[in-house]
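See structure below.
The values are calculated or read from the model by the stated rules, or taken from the named source; none is laboratory data. A quick note: this is a predicted structure, and the numbers were derived from the prediction, not measured. We place every Cβ from the backbone using ideal geometry, glycine too, and count neighbours over all the protein chains shown. Just so you know, the surface numbers come from the protein's heavy atoms only, side chains and all, with ligands and any DNA or RNA stripped out. Shrake-Rupley method; radii C 1.70, N 1.55, O 1.52, S 1.80 Å.
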Amino acid sequence: MKNKIVIFSNIKGGVGKTTLCALFASYLVERGYPVMAIDADLQASLYRHRKREKDVAPEAPIPWNVNLLDTANREQLELVMVKLKEVPGIVLIDCPGNLNDRNLEYIYKSADTAIIPISFDADTVDATGIFVKALKTVSEADLIFLPNRINTSEKKSEELRQRAQTTEFLGLVGTVMPTVKQSVAVKRYTTLYPLEKSQLAAVEPSFGKIVEALHLNK
């Protein structure tokens with residue numbers, strides 16, 4: 001199938017980009033799409049999560065590969081991104097939103113789509129705005145905003161008003177997906193095993209729309 005480079009990134013930490021990247025990889029594989037995941041974050045959370053799971057279950061089949069990407073070596077990074085653009089499938093990159101790291105521009109420039117996890121608190125909204133402004137100066141990637149860990153039982157009028165305003169604002173520069181509700185099941189992700197029913201129920205409304213937005217062809 002046609003190559004797609006999809007990054008999960010935001011300058012704001014704690015929005016769940018690694019978790020969503022892993023869940024989306026599993027979601028795609030279970031629907032027959034070829035997927036490779038790249039961990040470009042200094043913390044290497046995705047890569048280390050897979051290693052821990054394989055240490056516990058070394059015989060478990062690997063549904064999708066996870067590779068580390070060293071962003072410190074500028075020349076090597078550029079070469080790797082060229083090769084990733086040739087992969088016949090979907091390349092998901094768990095990418096830090098470090099605006100001070102000029103090397104990350106190679107990743108941003110190569111991306112076809114940027115999935116930007118968000119929450120609706122003021123700090124995250126402000127940080128997301130800063131990240132999007134910087135990203136658009138170096139990348140032509142389509143922007144998908146994914147509200148994550150959202151407490152849908154919140155009924156305060158001010159909170160609901162802020163969510164509506166944020167959704168409207170972000171909709172001017174990208175596509176805002178249905179929310180992923182706050183859930184213990186979503187936090188408890190795996191890189192080896194199929195999505196649980198509770199996990200699928202939580203992410204299906206969003207992930208299904210993202211697949212449509214990516215115009216994926218098997």
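Whole number in Å², please: accessible area per residue of the chain, 1.4 Å probe, ligands, DNA and RNA not counted.
50
The mean sequence separation of alpha-carbon pairs under 8 Å and at least six residues apart, normalised by the residue count of segment 5-107, gives a relative contact order of 45 percent. Using 0.36 nm per residue and subtracting the Cα-Cα separation, the extra length available between Leu160 and Glu86 on full extension is 22.3 nm. The accessible surface of segment 40-180, taken with every protein chain in place and a 1.4 Å probe, is 51 percent carbon and sulfur. Which residue, Ile115, Ile90, Ile62, has the most motion in a Gaussian network model of the chain that connects Cα atoms within less than 10 Å? Most flexible of the set in this elastic network: Ile62. Comparing Glu59, Glu168, Glu78 in a Gaussian network model of the chain (Cα springs below 10 Å), the most mobile by mean-square fluctuation is Glu59.
When Arg74, Arg149 are compared by accessible area at a 1.4 angstrom probe, the order from most to least is Arg74, Arg149. Taking every C-alpha pair closer than 8 Å and separated by at least 6 residues, the mean separation divided by the residue count of the chain gives a relative contact order of 29 percent. Couplings 3J(HN,Hα) for segment 24-29, derived from phi with the Karplus relation 6.51 cos²θ - 1.76 cosθ + 1.60 (θ = phi - 60°), are 5, 4, 5, 4, 5, 4 Hz, where x marks Gly and Pro. Name the lysines eligible as straight-distance cross-link partners of Lys85: C-alpha to C-alpha under 25 Å, and not fewer than 8 places from it in the same chain. Answer for Lys85, where 25 Å is the Cα cut-off: Lys2, Lys4, Lys17, Lys109, Lys133, Lys136, Lys209, Lys218, listed by chain and number. Cα centroid separation, segment 82-99 to segment 141-200: 23 Å.
Computed over the chain, the per-residue total of -39500 (n - 2.57) for DSSP H runs of n ≥ 4 gives a 222 nm mean residue ellipticity of -13500 deg cm²/dmol, rounded to 500. Under the rule a/c < 1.5 gives rounded, and otherwise a/b versus b/c splits prolate from oblate, where does segment 26-86 land using the Cα gyration tensor? It comes out oblate by the Cα gyration axes.
Fully extending the segment from Asn98 to Asn73 would add 7.4 nm, taking 0.36 nm per residue of separation and subtracting the current Cα-Cα distance.
Once you sort the root eigenvalues of the Cα gyration tensor of the chain as a ≥ b ≥ c, which label holds: rounded (a/c under 1.5), prolate (a/b larger than b/c) or oblate (the other case)? Oblate, because a/c is 1.5 or more while a/b does not exceed b/c.
A Förster radius of 25 Å combined with the Cβ-Cβ distance from Gln182 to Gln43 puts the calculated FRET efficiency at roughly 0.65.
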